[in-house]
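K.L.:
Got a structure here, written out as structure tokens. Questions coming.
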Amino acid sequence: MTPLSGKRILLVIGGGIAAYKTLDLIRRLRERGASVRAAMTKAATEFVTPLSVASLSGDKVYEALFSLTDEAEMGHIELSRDADLVVIAPATADLLAKLANGLANDLASTLLLATDKKVLAAPAMNLRMWLHPATQRNLTTLRNDGVLFVGPNDGDMACGEYGPGRMAEPMEIVAAIASALECRTAIPLPPGIGAWSAGTNGALAGKRVVVTSGPTHEPIDPVRYIANRSSGKQGHAIARAAAEAGADVALISGPVNLPDPAGVRTKHVETARDMLDAVDAALPADIFVATAAVADWRMAQTGASKIKKSNGGAPRLNLVENPDILATIAHRNHGRPKIVVGFAAETNDVLAHARKKLDAKGCDIMVANDVSPSTGIMGGDTNTIHIVTRDGIDSWPTLDKDEVARRLVARLARDLAAE
């Protein structure tokens, strides 16, 4: 595992002699576990071939804005947002000028204008072009807009001159990408703008929301425990989205490697029983969202010291069932939240299991998803969910987990208003 493992990079390749370096850049990124999807300008194809880029990236290369096949399979809007970071290498004077002035007359410039992620640019051009007042004005604008830069370096130019304008080396760009990904790269819409925002902006003001997130750890002995692969990303995103919608939010989090969401009261717990106690303490609430992947079982008796291997074979683990937090809250006669939401993380027969859980748990909404290893959802940054209610099923496309959270909160706000 590396800091780039599982990260998705959209690489926009501009038309400059430095484009040859992008082939090594792709290789370096993939060595570190990142996936790379490339878009090339027409000029870029004069320096490196799309076949070379596709061979190294292991993915289709996108060149044309108005390709019916591409638009049916991966529209430019989806392509621009299906990444953790957008990288321009080489970032030519032309591409930087287009981005600084909001021009979008080809696929590359359209992707840069439509993306909702941070952009990292690796400039490459003749030193006179780099030093030209127009380019420097564009750089100032782009920096003010939040665009990140790596390089350029001083060095020999293909034209025979020497000075600033040489594109950063591939490993320098890799380091800059890793650094950029240490921070949040999603760019939110301004308050009150967009479909999700129109539904959530202040829509939960004055309401109380309780969210559970992450796994639980059930100790076997002082050094071992039973757990699952939940990262807590979806639950934390829901808590953050509810807070942005004006709610008073209590987040009950199992052990995760995530920062506490801003504007949210976070309680950290370890076990399922700890989580249930914390939920009880956080109630009453208008909405309860049980996103946490709670361990179904725990040890009947935890070992007081580390269980040692012996010639008698593997130890027998005597397990008992943990409390069902979702069912406990949903079946309350007094103090039940108006809306109770559960999550069904399944690996087969997803919708059938979700329908059964909806009735068995007694909740109002069951959010179902397929967490088979091949989906990359468990621990990943995207999710593909189905909203299961007694009235039917609403299947959503694959979305960033933050966008899933915003849309789910928008729906819950509307449902609560209709109560």
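K.L.:
So which of Ala89, Ala83, Ala38, Ala34 ends up being modelled with pLDDT under 90, within 26 Å of the chain's Cα centre (by Cα), buried (at least 22 other Cβ atoms within 10 Å of the Cβ) and closer than 19 Å to Val119 by Cα?
P.N.:
Criteria check complete, one pass: Ala83.
K.L.:
Right, something else. Whether any residue in the stretch 340-350 is out of contact with any Asp or Glu (no Cβ under 6 Å at 6 or more places or on another chain), more than 29 Å from Ile220 (Cβ to Cβ), assigned to a loop (DSSP other than H, G, I, E, B) and not basic (Lys, Arg) is what I want to check.
P.N.:
Yes, there is a match, as at least one residue in the stretch 340-350 is out of contact with any Asp or Glu (no Cβ under 6 Å at 6 or more places or on another chain), more than 29 Å from Ile220 (Cβ to Cβ), assigned to a loop (DSSP other than H, G, I, E, B) and not basic (Lys, Arg).
K.L.:
Here's something else I'd like to know. Any idea which residue in the stretch 119-151 is farthest from Ile88 (Cα to Cα), counting only those that are modelled with pLDDT of 90 or more and assigned to a loop (DSSP other than H, G, I, E, B)?
P.N.:
His132
K.L.:
Pull up the stretch 218-262, narrow it to residues that are crowded, with 24+ Cβ neighbours inside 10 Å and of a type in the set (Val, Ile, Thr), then point me to the one that is nearest to Glu182 (Cα to Cα).
P.N.:
Out of the qualifying residues, it is Ile238.
K.L.:
Within the stretch 396-419, track down each residue that is closer than 23 Å to Ser231 by Cα and of a type outside the set (A, V, I, L, M).
P.N.:
Correct list: Trp396, Pro397, Thr398, Asp400, Lys401, Asp402, Glu403, Arg406, Arg407.
K.L.:
Same structure again: Does Thr328 satisfy the condition of being out of contact with any Asp or Glu (no Cβ under 7 Å at 6 or more places or on another chain), of a type in the set (S, T, N, Q) and at pLDDT 95 or above?
P.N.:
So Thr328 passes the test.
K.L.:
Of the numbered conditions (1) among the small types (Gly, Ala, Ser); (2) at pLDDT below 90; (3) under 30 Å from Arg336 (Cα atoms), Gly160 satisfies every one except a single condition; which is it?
P.N.:
Unmet condition: (3).
K.L.:
Okay, next question. Return the pairs, sorted by first residue and then second, in which the second residue is polar (S, T, N, Q) and part of a loop (DSSP other than H, G, I, E, B), the first residue lies in the stretch 101-121 and is under 20 Å from Lys42 (Cβ atoms), the beta carbons are less than 6 Å apart, and the residues are 6+ apart or on different chains.
P.N.:
Qualifying pairs under 6 Å: Ala108/Thr41.
K.L.:
Pick from the stretch 41-60 the residues that are touching a Gly at 6+ places or on another chain (Cβ under 8 Å) and of a type in the set (D, E, K, R): which of them is farthest from Leu112 (Cα to Cα)?
P.N.:
Ranking the candidates gives Glu46 first.
K.L.:
If you don't mind, another one. Restricting the first residue to the stretch 309-334 and requiring it to be within 15 Å of Asp364 (Cβ to Cβ) and in the same structural domain as Val223 (by TED's automatic domain parsing), which pairs with a second residue that is acidic (Asp, Glu) and assigned to a loop (DSSP other than H, G, I, E, B) meet a Cβ separation below 9 Å and a spacing of at least six or different chains?
P.N.:
These pairs meet every condition: Ala330/Asp364.
K.L.:
Still on this structure: Is there any pair with a first residue in the stretch 18-47 that is on the phi > 0 side of the Ramachandran plot and a second that is surrounded by fewer than 24 Cβ atoms within 10 Å (Cβ to Cβ) and at pLDDT below 95 whose Cβ atoms are under 6 Å apart and which are 6 or more apart or on different chains, and what are they?
P.N.:
As it stands, the answer is Gly33/Thr2; Gly33/Leu4; Gly33/Ser5, since those pairs meet every condition given.
K.L.:
So is Arg137 over 26 Å from Leu23 (Cβ atoms) and among the basic types (Lys, Arg) or not?
P.N.:
yes
K.L.:
Name the one entry in Gly379, Gly312 that is farther than 17 Å from His217 by Cβ and either in contact with a Gly (Cβ under 9 Å, 6 or more places away or on another chain) or surrounded by fewer than 14 Cβ atoms within 10 Å (Cβ to Cβ) (or both).
P.N.:
Matching residue, one of Gly379, Gly312: Gly312.
K.L.:
Among the candidates Gly362, Gly342, which residue alone is of a type outside the set (A, V, I, L, M, F, W, C) and under 27 Å from Glu244 (Cα atoms)?
P.N.:
Within the list Gly362, Gly342, the selection yields Gly342.
K.L.:
Being over 16 Å from Thr92 (Cα atoms) and either part of a helix (DSSP H, G or I) or within 21 Å of the chain's Cα centre (by Cα) (or both) narrows it down to one of Ala108, Ala176, so name that one.
P.N.:
Ala176
K.L.:
Considering only the stretch 246-334, give the strands (runs of 3 or more DSSP E) lying wholly within it that have at least 1 residues that are of a type outside the set (S, T, N, Q), touching a strand residue (DSSP E or B) at 6+ places or on another chain (Cβ under 9 Å) and over 30 Å from Lys356 (Cα atoms).
P.N.:
Filter on the stretch 246-334 gives 248-253, 265-268.
The values are calculated or read from the model by the stated rules, or taken from the named source; none is laboratory data. As the structure is a prediction and not an experimental result, all values here were calculated from the model. Using ideal geometry, Cβ is built from the backbone for each residue, glycine included, and neighbour counts are taken over all protein chains shown.
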